[in-house]
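Encoded as structure tokens, the structure appears first; notes follow it.
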Amino acid sequence: MARTPSTMRLNPGDEAPGFALPNYNAAVGGTSVSFDDIAGEHGTLVMFICNHCPFVKHIADEIAKLGHYCQSHGIGVAAIQPNDVDDYPDDAPDRMTLEAQNRGYTFPYLHDPDQSVAKAYHAACTPDFYLLDADRKVFYRGQLDDSRPGSDEPITGADMRAAIAGLLAGKPSPGTQKPSIGCNIKWTPGNEPDYFA
């Protein structure tokens, strides 16, 4: 199982890129969902995830809980699936719809077909997390917690939940931010981003 860390290339205070992408979570409205559609009063959580990655599967139930928690506290949420679906059909849109239903996701599950949004965020892995403040500036980017597939660490969402608490309390961006670890994004052949060069 390959382990790829976040690039951490978007820094706290950087403005987050916008997006408008097709939505495949039938439980929430909109066939196309933009950043403006999901931005929350207190901030926004953008997550790059997929269906097949064991790192995402390991924490998917916590992602569902986290999404509900954020939405109930004025933080908008979107998950974005960036992988090449020709080579990884388990991540295709019809499977995304089933995954969102089975996991009970209460937020849009968006497909990034040309991978331009993943590139704009300098995303590297699934999962990759970006917590943004009300001005759409990066507040936290990094891991959910210390748990990994096969580890003895419990899944708590501790790092992300601490960042959310700080954001809601009006505190500064956390000084220590550990990169997320996951499967590398499955780039379409010839579409690999230059930030890995």
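The values are calculated or read from the model by the stated rules, or taken from the named source; none is laboratory data. All values reported here derive from a predicted model rather than from experimental measurement. Virtual Cβ from ideal backbone geometry, glycine too; neighbours counted across all protein chains shown.
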When residues of the range 163-197 are limited to those that are of a type in the set (Ser, Thr, Tyr) and surrounded by fewer than 19 Cβ atoms within 10 Å (Cβ to Cβ), the one modelled with the lowest pLDDT: Tyr195
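Of all residues in the range 19-36, count the ones that are free of Cβ contacts under 8 Å to residues at least 24 places away in the same chain and either under 15 Å from Leu132 (Cβ atoms) or basic (Lys, Arg) (or both).
2
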Qualifying positions in the range 136-160 - in contact with a strand residue (DSSP E or B) (Cβ under 8 Å, 6 or more places away or on another chain) and not polar (S, T, N, Q): Arg136, Lys137, Val138, Phe139, Tyr140, Arg141, Gly142, Leu144, Arg148, Asp159, Met160
Cross-chain or 6+ apart pairs with Cβ under 6 Å, the range 43-72 first and more than 24 Å from Trp187 (Cβ to Cβ), then assigned to a helix (DSSP H, G or I) and at pLDDT 95 or above: Gly43/Leu167; Ala64/Arg103
Which listed residue is assigned to a loop (DSSP other than H, G, I, E, B), small (Gly, Ala, Ser) and in contact with a strand residue (DSSP E or B) (Cβ under 9 Å, 6 or more places away or on another chain), from Ala123, Ala100, Ala118: Ala123
Residues within the range 76-97 that are in contact with a helix residue (DSSP H, G or I) (Cβ under 7 Å, 6 or more places away or on another chain), among the hydrophobic types (A, V, I, L, M, F, W, C) and outside any loop (DSSP other than H, G, I, E, B), tallied: 3
Residue count for the range 65-80, restricted to those that are closer than 17 Å to Ser147 by Cα and surrounded by 18 or more Cβ atoms within 10 Å (Cβ to Cβ): 1
Meets criteria (surrounded by 18 or more Cβ atoms within 10 Å (Cβ to Cβ) and at pLDDT 95 or above) for Ala134: no
Test: residue in the range 2-15 that is of a type in the set (Ser, Thr, Tyr), part of a loop (DSSP other than H, G, I, E, B), in contact (Cβ under 8 Å) with a residue 60 or more places away in the chain and farther than 27 Å from Lys171 by Cα: no
Tally of residues being closer than 28 Å to Asn83 by Cβ and in a loop (DSSP other than H, G, I, E, B) across the range 126-162: 16
Number of the condition not met by Ala165 [criteria: (1) assigned to a helix (DSSP H, G or I); (2) touching a Cys at 6+ places or on another chain (Cβ under 8 Å)]: (2)
Number of positions in the range 23-64 that are surrounded by 15 or more Cβ atoms within 10 Å (Cβ to Cβ), polar (S, T, N, Q) and in contact with a Pro (Cβ under 6 Å, 6 or more places away or on another chain): 2
